[in-house]
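What follows is one structure encoded as structure tokens, with my remarks underneath.
Read-outs throughout are calculated quantities, based only on the coordinates presented, and are distinct from any laboratory measurement. Keep in mind that this is a model prediction, so the values were computed, not measured. Because the Cβ atoms are built from the backbone with ideal geometry, glycine has one as well, and the counts that use them run over all protein chains shown.
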Amino acid sequence: MVPSEPYTVVLSGSGLWTPDNVITNEELVVSYNTWADRYNKLNSEAIEAGRLVAKPKSSAEFIEKVSGIKQRFAYIKKGILDTDYMRPIIPERPEEAISDQAEIAIHAARHAMENAGKTGADIDAVIVSCAYTQRSYPAIAIEVQKELEIEGFGFDMLVACSAATFGLHRAYDMVAAGTARCVLAVNPELTSPQVNYCDRDSHFIFGDVATAAIVERADTSTSGQAFDILGTRAMTSFSSNVRSNFGYVSRANDVDPFGPDKLFHQNGRQVFKEVCPIAIEHMKGHIAEFGLKPSTIRRWWLHQANINMNLFVSGKLLGREATLDEAPIVLDRYANTASAGSLIAFHLYHEDLKAGDFGVICSFGAGYSIGSLVVKKREG
Ligand code: CO8
């Protein structure tokens, strides 16, 4: 049935799955430096002759100072710190078994469903949105749908850093239009397989996590912690400054499908400089659509890539330094979790808001892409 007016849409519950394994900066740096020393020794002749560049040393102090990251979580720690592997060792599962990504998605999804008071029977659609999916098809979302006994449909979508917010946008659109009553949007951010642990400049950036959210019609919500979604705003602008060339065509290119350019790589400084101003204008413009000013926003759940980036963005928005209460930081514990950072922040820091309080969820980064939602806490 097509409604004569869009339905009012709420975000009625969120969920978070955090892996058991922690990797500290110190552990990561010891392993990288040991690997780099060995590489330099093994290749000393070529390095001296200028045919190879020596691997530089990493430092835990540098990492914390420039990024704010103190540790990250890993789905599987085995292999990451082993200088003979420098990648997680994730055993392949048989086709009859649930996939790694569906499994972690389900942990977060169940948490969100519990918080929103929903069962599989209440949900019409599943969106799995994240930076990578571990296979092309069948969609991970359809596997999640089956495990949670959800009727209807599911699909996967990829928008790197903005996958989670763009996924919520699609959920909002479907519920507002009446094509679904209730949508589960999940972000199984299994980043560790794509991190180049042999690259000094990026080995520390990412961590694994899964987040989830329930988006439904306001008139079906029974949650005491629901937020009206007042609106969504998205923008993209092509840049190769954050890139991974991993893909199915590599086989036909006759190249190493796991070479350094097939893993995450970036021009981090350029990203910082170019993305921050766009994100600031984007959020200012979005809240202005609802007659709001930055000073009227109770909480900013911002993308979590770099603490200096967050301090810069929130400082420019407010004209002063934001407090952690206004713009919470989770990247010190979780590192950059691709698109999930703003959702982790939302999940951990929303229950104290009062009815009528406004908030902004915003991602920014690879693509480039910016995605935001302006929300307002409902009466509990
Ligand atoms: N240890 C010691 N020294 C180091 C290290 C290290 N680990 N790394 C760099 N240095 C040195 C450099 O060599 C340089 O030395 P010099 O000045 O002599 O040349 C100096 O430190 C400064 O280096 P940088 O200019 O690189 O350092 P920055 O201050 O720019 O900080 C950051 C680097 C932290 C990467 C910073 O630029 C940053 O965070 N930028 C923003 C990046 C960003 O937001 N990117 C988007 C990420 S993409 C995303 O979120 C999702 C993508 C999809 C998921 C992928 C999953 C795998």
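Just a few scattered comments:
- Fraction of C-alpha pairs exceeding 29 angstrom in region 25-181: 42 percent, rounded to a whole number.
- Helix axis angle, 268-288 relative to the chain longest principal axis, alpha carbon, degrees: 10
- Scanning residues 5 or more positions from residue 231 or on other chains, those with amide H under 5 Å from its amide H are 374, with H placed 1.01 Å from N in the peptide plane.
- On Cα atoms only, tilt of 163-177 relative to the major axis of the chain in degrees: 20
- Of the beta bridges in the chain, as assigned by DSSP with both residues counted there, near 70 percent are antiparallel.
- The chain: angle of helix 100-116 to the longest principal axis, Cα-based, in degrees nearest 10: 30
- The alpha carbon centroids of region 8-22 and region 178-248 are separated by 11 Å.
- Euclidean distance of C-alpha centroids, region 279-343 and region 47-106, integer Å: 27
- Cross-link partners of residue 118 among lysines, defined as those whose alpha carbon lies under 17 angstrom from its own and excluding same-chain residues fewer than eight positions apart: 146.
- Across region 15-20, computed HN-Hα scalar couplings (Karplus, 6.51 cos²θ - 1.76 cosθ + 1.60, θ = phi - 60°) run x, 9, 10, 10, x, 6 Hz from first to last residue, x flagging Gly and Pro.
- The string of couplings for region 304-313 from the Karplus curve (6.51, -1.76, 1.60, θ = phi - 60°) is 10, 10, 7, 5, 5, 5, 5, 5, 5, 5 Hz, one whole number per residue in order, with x for Gly and Pro.
- Here the Debye sum runs over all C-alpha atoms of region 245-380 as equal scatterers in vacuum, and log10 of I(q)/I(0) at q = 0.17, 0.22 Å⁻¹ comes out as -0.89, -1.36.
- Farthest toward the positive end of the dipole of the chain, out of 363, 50, 165, is the Cα of 50, where the dipole comes from beta carbon charges about the Cα centre.
- Between 277, 193, 19, the GNM of the chain built on Cα springs shorter than 10 angstrom shows 277 fluctuating the most.
- Taking 19 Å as the straight-line reach from the Cα of residue 78, the aspartates and glutamates in range (excluding those fewer than 8 positions away in the same chain) are 20, 26, 27, 92, 100, 103, 189, 199, 208.
- Where only alpha carbons of region 139-209 are counted, the Rg and the Dmax (Å): 15.4, 49
- The chain - convex hull of the alpha-carbon atoms, volume per residue in Å³: 146
- When the C-alpha to C-alpha distance is required to be over 18 Å, the pairs from 77/262; 65/316; 284/316; 57/262; 273/316; 65/262 that qualify are 77/262; 65/316; 57/262; 65/262.
- In sequence order, region 141-146 has phi-based couplings of 4, 6, 5, 4, 4, 5 Hz under the Karplus curve 6.51 cos²θ - 1.76 cosθ + 1.60, θ = phi - 60°, and Gly or Pro positions carry x.
- Per residue of the chain, the DSSP helices (runs of n ≥ 4 H) give a summed -39500 (n - 2.57) that works out to -9500 deg cm²/dmol at 222 nm.
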